[in-house]
Amino acid sequence: MPRILYSHAGDYVEVLDTTLRDGAQGANVSFTLQDKIRIALKLDELGVDYIEGGWPYSNPKDYQFFKAMKEYPLARAKLAAFGSTRRKNTRPSQDESLNSIVKADVPVAVIFGKSWTLHVDKVMEATREENLAMISESVEYLREHGMEVIYDAEHFYQGYQEDPEYALATIEAAWRAGARVIVLADTNGGTPPHEVYRITAEVRRRFPNMPLGAHMHNDIGCAVANTLMAVAAGARHVQGTINGIGERTGNADLVQILPTLELKMGLRVLREEAPPVKFAKLREVSRFVYEALGLQPNPYQPYVGEFAFAHKGGVHADAVMKVPRAYEHIDPQLVGNRRVFVVSEMAGGASVVLKAAEVLGLALNKRDEAVRRALEEIKMLEKEGYSFDVAPASAMLILLRHLGLYRERFRILEWRVVTGPAEASYAVVKVLVEGRTMLEAGEGVGPVHAIDVALRKALVGAFPELSDVQLRDYKVILPTAVKSTESVVRVVSEFTDGERIWRTTGVSSNIVMASLMALRDGYDFVLQTNSLNKNNIGR
């Protein structure tokens with residue numbers, strides 16, 4: 001590969017976020033008007049240079065967004081409207097798409113035009129000369145209206161591979177007409193990284209003074225790598241979306257690109273603030289977009305995922321405890337994340353000790369006999385279908401028992417559930433609560449809800465702190481291959497008391513029994529940890 005060109009210290013890379021436009025073109029992605037406004041404000045706080053708010057000609061919501069944003073002045077970012085070059089045989093002044101951009105009344109226009117002769121000849125059915133005129137006249141028209149123009153060269157890499165001279169002619173037409181940045185787009189996402197580097201570098205040599213950008217799609221899983229390769233070859237403007245959402249398999253994920261450019265490649269991104277403050281809101285913004293879409297965050301997402309800095313193997317955990325950079329490429333706090341130690345069948349004593357310090361505030365020795373016994377029980381239970389990776393609270397209850405710090409606050413003696421064709425289910429539980437037998441009934445939407453209602457009734461009188469506990473999430477998982485209706489199921493429940501979040505698990509061939517075990521551990525965890533805090537044990 002040719003010499004990497006990015007090693008100029010202090011180089012600034014512009015960032016255009018297209019979550020609200022290209023991201024919104026993804027399947028099952030739909031933002032309300034209020035979602036778009038809130039996300040735009042979050043992106044402005046993050047410090048991106050441009051926010052591409054939408055295509056005002058394509059739908060009324062995008063047009064309303066630009067109108068609504070007049071009430072929300074941006075502190076750092078410039079708002080951009082998207083559109084296409086004029087239609088063939090149409091003057092710019094009569095083109096509805098171009099005029100919708102002008103009417104959006106924003107400082108920046110982003111327009112795309114054709115670079116690939118296939119699209120010019122077969123899709124638009126225009127002459128190649130006409131396409132060049134469409135590009136230059138559209139840029140000039142928007143410039144005449146006082147707008148900064150960013151030109152997206154659609155399918156540039158495909159066009160360059162088939163007819164490099166014509167592809168170069170299209171971007172030169174946009175540049176000569178006054179476009180401030182020429183963005184090379186891998187629109188079908190099929191170009192591998194080494195080709196992106198080669199072609200971008202060749203464009204840079206042909207036009208050394210042309211400001212270049214990169215817009216990559218993820219169809220072969222290389223959108224992030226391709227963006228970084230384009231920057232390595234000389235691009236100083238990148239486009240992408242938060243979490244990589246977008247058409248087909250998505251766009252380049254800015255959550256991965258931004259810290260990599262600055263922390264790994266020595267370039268600068270985002271206005272004003274410097275690390276560690278600069279990227280501290282990255283995880284927050286990522287989760288905000290997931291929440292707007294009603295999606296669960298990807299726990300394996302680089303930099304910001306829940307497991308991005310999770311250590312499961314005992315060797316890894318032991319090393320990180322001594323020297324964090326032994327297995328962590330950056331400090332998790334730089335991107336608003338945190339280190340996680342996972343207790344599982346693969347864990348060693350170090351993992352258990354670190355999780356105990358994190359969750360329980362206990363200072364333990366990994367060679368402690370109680371730690372060893374607890375780890376053996378955890379590994380034995382995982383053979384039976386348990387998984388404590390995402391339910392560490394249940395593992396900590398096991399540890400407390402082996403440490404002799406566990407005090408039984410309640411015990412479930414019996415339970416019954418009645419359900420039928422109607423939505424309502426009924427449950428009865430008999431619980432021993434600090435020496436007293438409590439018999440309570442509950443009605444709920446489904447058997448699990450009903451038994452949770454009954455269990456809470458039995459406990460909250462003796463333990464009023466449980467009234468603040470809420471069941472946030474509930475999942476049923478088949479940990480082994482489905483063999484029959486008697487297959488073992490694993491239930492994971494997530495709780496919160498408004499300040500902290502914890503997860504517990506239960507396993508049984510009876511789904512209600514597995515759920516009851518997870519619920520029991522969820523409430524028991526509160527009582528045990530509150531007791532530890534009250535007695536100041538290990539602190």
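Some observations on this one:
- Per-pair calculated FRET efficiency, R0 = 56 Å: Leu295 and Arg91 via Cβ, rounded to 0.05: 0.80
- When each of Lys78/Lys103; Lys42/Lys264; Lys383/Lys430 is checked by Cα-Cα distance, pairs over 22 Å: Lys42/Lys264; Lys383/Lys430
- Straight Cα distances below 15 angstrom link Lys36 to the aspartates and glutamates Asp17, Asp22, Asp44, Glu45, Glu52, Asp62, Glu71, Glu291, with same-chain residues fewer than 8 positions distant left out.
- Residue separation of Glu465 and Leu118 scaled by 0.36 nm, minus their Cα-Cα distance, works out to 118.2 nm of gained length.
- Sparsely packed loop sites in the range 242-312 (the GluC sites (Glu not before Pro) outside DSSP H, G, I, E and B with at most 11 other Cβ atoms within 10 Å) comprise Glu272.
- Accessible area (Å², per residue) of the chain, counting only protein heavy atoms and a probe of 1.4 Å: 44
- Computed extension gain for His145 through Asn533, at 0.36 nm per residue and net of the alpha carbon distance, reaches 133.1 nm.
- Extension gain (nm, one decimal) between Met380 and Asn28, 0.36 nm per residue minus Cα-Cα: 122.6 nm
- Given charges at beta-carbon only (K, R positive; D, E negative), |dipole| of the chain in Debye: 1300
- Paramagnetic label reach from Arg206 (point 7 Å along Cα→Cβ; backbone nitrogen cut-off under 11 Å): within the range 165-194, residues 165-173.
- Among Val428, Met513, Gly361 the positive-end extreme of the charge dipole of the chain (Cβ point charges): Gly361
- Taking the range 35-66 and a reference point 7 angstrom along Cα→Cβ of Arg268, the backbone N atoms nearer than 17 Å belong to 47-50.
- Within the range 281-315, backbone nitrogen closer than 12 Å to the virtual label 7 Å beyond the Cα of Lys475 toward Cβ: 296-300, 306-307
- Neighbour cut-off at most 14 other Cβ (10 Å), DSSP loop, trypsin sites (Lys or Arg not before Pro), the range 381-487: Arg407, Lys483
- Note on volume of the Cα convex hull per residue in Å³: of the candidates [x] 195; [y] 140; [z] 157, the value calculated from this structure sits at [x].
- GluC sites (Glu not before Pro) within the range 121-170: DSSP coil, no more than 15 neighbouring Cβ in 10 Å: Glu125
- Measuring nothing but protein heavy atoms, the accessible surface of the range 61-108 at 1.4 Å probe radius is 46 percent carbon and sulfur.
- Those aspartates and glutamates that a straight Cα-Cα span of less than 16 Å connects to Lys379, excepting residues fewer than 8 apart in one chain: Glu345, Glu369, Asp389
- Think of each Lys and Arg Cβ as +1 and each Asp and Glu Cβ as -1; about the Cα centre, that makes the dipole of the range 1-144 roughly 200 debye.
- Beta bridge orientation in the chain: antiparallel %, DSSP, nearest 5: 50
- With the highest mean first, a sort of the peptides 46-58, 62-74 on other beta-carbon atoms found within 10 angstrom per residue produces 46-58, 62-74.
- Mean ellipticity per residue at 222 nm, deg cm²/dmol - from DSSP H runs of n ≥ 4 across the chain, formula -39500 (n - 2.57): -11000 deg cm²/dmol
- For the range 356-450, the fraction of 1.4 Å probe accessible surface lying on carbon and sulfur atoms is 52 percent.
The values are calculated or read from the model by the stated rules, or taken from the named source; none is laboratory data. No experiment lies behind these values; they were computed from the predicted model shown. FYI the Cβ positions are ideal-geometry reconstructions off the backbone, even for glycines, and counts take in every protein chain you see. For the accessible areas, the whole protein counts, side chains as well, though only heavy atoms, and no ligand, DNA or RNA atoms are used. Shrake-Rupley method; radii C 1.70, N 1.55, O 1.52, S 1.80 Å.
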